[in-house]
Amino acid sequence: MNKLGNPILFCNSLIIGKDGFIKEHVMRQDNGKKKVVEAIRSLNYKVIAYGDSYNDINMLMQADHGILYCPPDNVKEQFPQFPVAYNYNELKKYISKILK
């Protein structure tokens, strides 16, 4: 952390059992990604978001532009309203098109 300049981190937590294995995953905040997008939009910024799975869908829906990035087939099929990028060049093309 010293090498990173001791940044502020907002992380979820893991509870480790006596056996040394992960016992529980504790989310810091429900729907945190969506809430970040809401906060940024409340400052009158436009938001382009991309994600790959179900845990990103609320964020993508809240953003001005949502893009699926290398999603599994079931996510891609269930959310056809989002364009799909399969590599960084495709993602860059979608973002460039949005910014024009």
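The values are calculated or read from the model by the stated rules, or taken from the named source; none is laboratory data. No experiment lies behind these values; they were computed from the predicted model shown. Cβ atoms come from the backbone with ideal geometry, glycine included; neighbour counts cover every protein chain shown.
(1) in contact with a helix residue (DSSP H, G or I) (Cβ under 9 Å, 6 or more places away or on another chain); (2) over 30 Å from I98 (Cα atoms): which one isn't true of N6, the others all being true?
Going through (1) in contact with a helix residue (DSSP H, G or I) (Cβ under 9 Å, 6 or more places away or on another chain); (2) over 30 Å from I98 (Cα atoms) one by one, N6 breaks only (1).
May I ask you to verify whether Y88 is of a type in the set (S, T, Y) and either on the phi > 0 side of the Ramachandran plot or out of contact with any Leu (no Cβ under 8 Å at 6 or more places or on another chain) (or both)?
Here the answer is yes, as Y88 does meet what is asked.
A quick yes/no check of all residues on (1) surrounded by 10 or more Cβ atoms within 10 Å (Cβ to Cβ); (2) at pLDDT 95 or above; (3) outside any loop (DSSP other than H, G, I, E, B):
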{"site": "Q29", "(1), (2), (3)": "yes, no, no"}
{"site": "I40", "(1), (2), (3)": "yes, yes, yes"}
{"site": "Y45", "(1), (2), (3)": "yes, yes, no"}
{"site": "N58", "(1), (2), (3)": "yes, yes, yes"}
{"site": "L68", "(1), (2), (3)": "yes, yes, yes"}
{"site": "V75", "(1), (2), (3)": "yes, yes, yes"}
{"site": "Y94", "(1), (2), (3)": "yes, yes, yes"}
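Would you please name the residue that is nearest to V84 (Cα to Cα), looking only at residues in segment 6-50 that are in contact with an Asp or Glu (Cβ under 6 Å, 6 or more places away or on another chain) and β-branched (V, I, T)?
V47
Would you confirm whether any residue within segment 84-91 is small (G, A, S) and surrounded by 14 or more Cβ atoms within 10 Å (Cβ to Cβ)? Please lay out each step first, then the result.
Here is the first cut: in segment 84-91, the ones small (G, A, S) are 85.
Still in the list and also surrounded by 14 or more Cβ atoms within 10 Å (Cβ to Cβ): 85.
Scanning segment 84-91, I find at least one residue that is small (G, A, S) and surrounded by 14 or more Cβ atoms within 10 Å (Cβ to Cβ), so the answer is yes.
Does D19 satisfy the criteria of being over 15 Å from the mean Cα position of the chain (by Cα), among the acidic types (D, E) and modelled with pLDDT of 95 or more?
yes
Closer than 23 Å to K93 by Cβ and not basic (K, R): which single residue out of D52, D30 fits that description?
Unique residue meeting the criteria: D52.
Out of segment 77-92, which residues are part of a helix (DSSP H, G or I) and farther than 27 Å from D30 by Cβ?
If the condition is that a residue be part of a helix (DSSP H, G or I) and farther than 27 Å from D30 by Cβ, then Y88, N89, E90, L91, K92 are the ones that fit.
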